[in-house]
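Visitor: Here it is, the structure in full.
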Amino acid sequence: MPEELFHKRPTPIQPIYSAVAEKAGVQWLIKRDDLIDPQISGNKWRKLKYNLQCAKEQGYKTLLAFGGAYSNHLYAVAAAGSLFGFETVGIIRGQEITQLSPTLQFAQICHMQLEFWPREEYRLKDKSELFKKIQEHYGSFYMIPEGGSNALAVKGCTEIIQEINIPFDYVSCACGTGGTVAGLIAGLEGKNTCLGIPVLKGGDFLKSDIQELLSQYYLQEDQPVPTFRNWHLETSYHFGGYAKTTPELLSFIHRFEQENNFLIDQVYTAKMLAGVEDLILQGRFKRGDIIISVHTGGLQGRLPQLSNL
């Protein structure tokens, strides 16, 4: 396993141009984790780092992961398996389709074995009887949960904060399963403020998920579980729900990319950035505040029509 690939240089932090931020006197920057790796990108690289090391140390030969047809997580696990010499199995949410998504086509190229589960069965994937069935079918495997979020994923995401070597007041991140935000909170150790932007409707439930991930992380590290109050979620920026878009969001992406000269995806990072800019517009930050937003990658799932805007 090429360990050096998990000891890369910190990703750059660069200014974001925003007329809204400029007018408000807020300094807004972005940590470009999309540049970590072309295939194991952004927070997926962070989440897999210690999980892959654990799988290797425990002698596992197969990785098993869950996700939808456009899952960044499945894409990254497939790439990691090919790169590091693991067999991979992907449990796909939904009925098998004749025309595979580009994500699943890539997974097949990486020799991931794809299994399609009806949505009703997929919802029960964590039930013990189904887990036993999986074990009977695939034998010994290292299971990585949907979205890649577990205690080891949180550990990997704490390193985002460790790599920030400039003063700041806020760090912001898109939130899907809560693992990255939990890592940011743990990395901050009660200092500064973490702002999570859920990308799905009704994201309030993620508060308890994030707290549970933090508890798992600190218990794994044999440390008492602290109570942090320096974080909150802003749940109004899902733009219709998970993986959905609106003309407003597409317009924001077009303007942002023209002004800043790098790409963002419509599922995660664009929603987070649009949310932060709106919060700046609302006066939620004071003049002189420094905000660092995290680009969590996911460009493999970028809509083709965005290139034609």
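Visitor: Restricting attention to segment 258-285, which residues are of a type outside the set (A, V, I, L, M, F, W, C) and either under 29 Å from Leu104 (Cβ atoms) or without any contact (Cβ under 8 Å) to a residue 24 or more places away in the chain (or both)?
Guide: Result: Gln258, Asn261, Asp265, Gln266, Tyr268, Thr269, Lys271, Gln282, Arg284.
Visitor: Can you tell me which residue in segment 28-47 is surrounded by the fewest Cβ atoms within 10 Å (Cβ to Cβ), limited to those that are farther than 18 Å from Cys175 by Cβ and among the hydrophobic types (A, V, I, L, M, F, W, C)?
Guide: Leu35
Visitor: Taking the residues in segment 3-27 that are out of contact with any strand residue (DSSP E or B) (no Cβ under 8 Å at 6 or more places or on another chain) and at pLDDT 95 or above as candidates, determine which candidate is most open to solvent (accessible area, probe 1.4 Å).
Guide: Checking each candidate, the answer is Lys23.
Visitor: Filter segment 138-153 down to residues that are more than 15 Å from Tyr218 (Cβ to Cβ) and of a type in the set (A, V, I, L, M) and give me whichever is most open to solvent (accessible area, probe 1.4 Å).
Guide: By that ranking, first place goes to Met143.
Visitor: Another question about this same structure. Give Ala65, Ala69 a once-over and let me know the one that is part of a strand (DSSP E or B) and crowded, with 16+ Cβ neighbours inside 10 Å.
Guide: Ala65
Visitor: For segment 23-33, check the following and say yes or no: at least one residue is without any contact (Cβ under 8 Å) to a residue 40 or more places away in the chain and part of a loop (DSSP other than H, G, I, E, B).
Guide: Taking every residue of segment 23-33 in turn, none turns out to be without any contact (Cβ under 8 Å) to a residue 40 or more places away in the chain and part of a loop (DSSP other than H, G, I, E, B).
Visitor: Moving to a separate point now. Check every one of the helices (runs of 4 or more DSSP H) wholly within segment 204-309 and list those with 2 or more residues that are surrounded by fewer than 15 Cβ atoms within 10 Å (Cβ to Cβ) and over 17 Å from the mean Cα position of the chain (by Cα).
Guide: Result: 206-220, 247-260.
Visitor: Kindly establish whether Glu121 is of a type in the set (D, E, K, R), over 28 Å from Gln258 (Cβ atoms), open to solvent by less than 80 Å² (accessible area, probe 1.4 Å) and at pLDDT below 95.
Guide: The answer is yes for Glu121.
Visitor: Further question on the same structure: Please verify whether Gly81 is surrounded by 20 or more Cβ atoms within 10 Å (Cβ to Cβ), at pLDDT below 95 and of a type in the set (Gly, Ala, Ser), treating the condition exactly as stated.
Guide: Judged against the criteria, Gly81 is not a match.
Visitor: Can Asn51 be described as touching a Cys at 6+ places or on another chain (Cβ under 8 Å), on the phi < 0 side of the Ramachandran plot and either assigned to a helix (DSSP H, G or I) or at pLDDT 95 or above (or both)?
Guide: On the way: touching a Cys at 6+ places or on another chain (Cβ under 8 Å): no; on the phi < 0 side of the Ramachandran plot: yes; either assigned to a helix (DSSP H, G or I) or at pLDDT 95 or above (or both): yes.
When the stated conditions are applied, Asn51 does not pass them.
Visitor: Quick one: would you say Lys133 is open to solvent by 20 Å² or more (accessible area, probe 1.4 Å) and over 22 Å from the mean Cα position of the chain (by Cα)? I'd like the intermediate steps shown before the answer.
Guide: Numbers: open to solvent by 20 Å² or more (accessible area, probe 1.4 Å): yes; over 22 Å from the mean Cα position of the chain (by Cα): yes.
Judged against the criteria, Lys133 is a match.
Visitor: Still on this model: Is it true that some residue in segment 102-111 is at pLDDT below 90 and out of contact with any Lys or Arg (no Cβ under 6 Å at 6 or more places or on another chain)?
Guide: No, because not a single residue in segment 102-111 is at pLDDT below 90 and out of contact with any Lys or Arg (no Cβ under 6 Å at 6 or more places or on another chain).
The values are calculated or read from the model by the stated rules, or taken from the named source; none is laboratory data. Because the structure is a prediction, the values reported are computed rather than measured. Positions of Cβ are generated from backbone atoms using ideal geometry, with glycine treated the same way; all protein chains shown enter the neighbour counts. Surface accessibility is based on the protein's heavy atoms, side chains included, excluding ligands, DNA and RNA. Shrake-Rupley method; radii C 1.70, N 1.55, O 1.52, S 1.80 Å.
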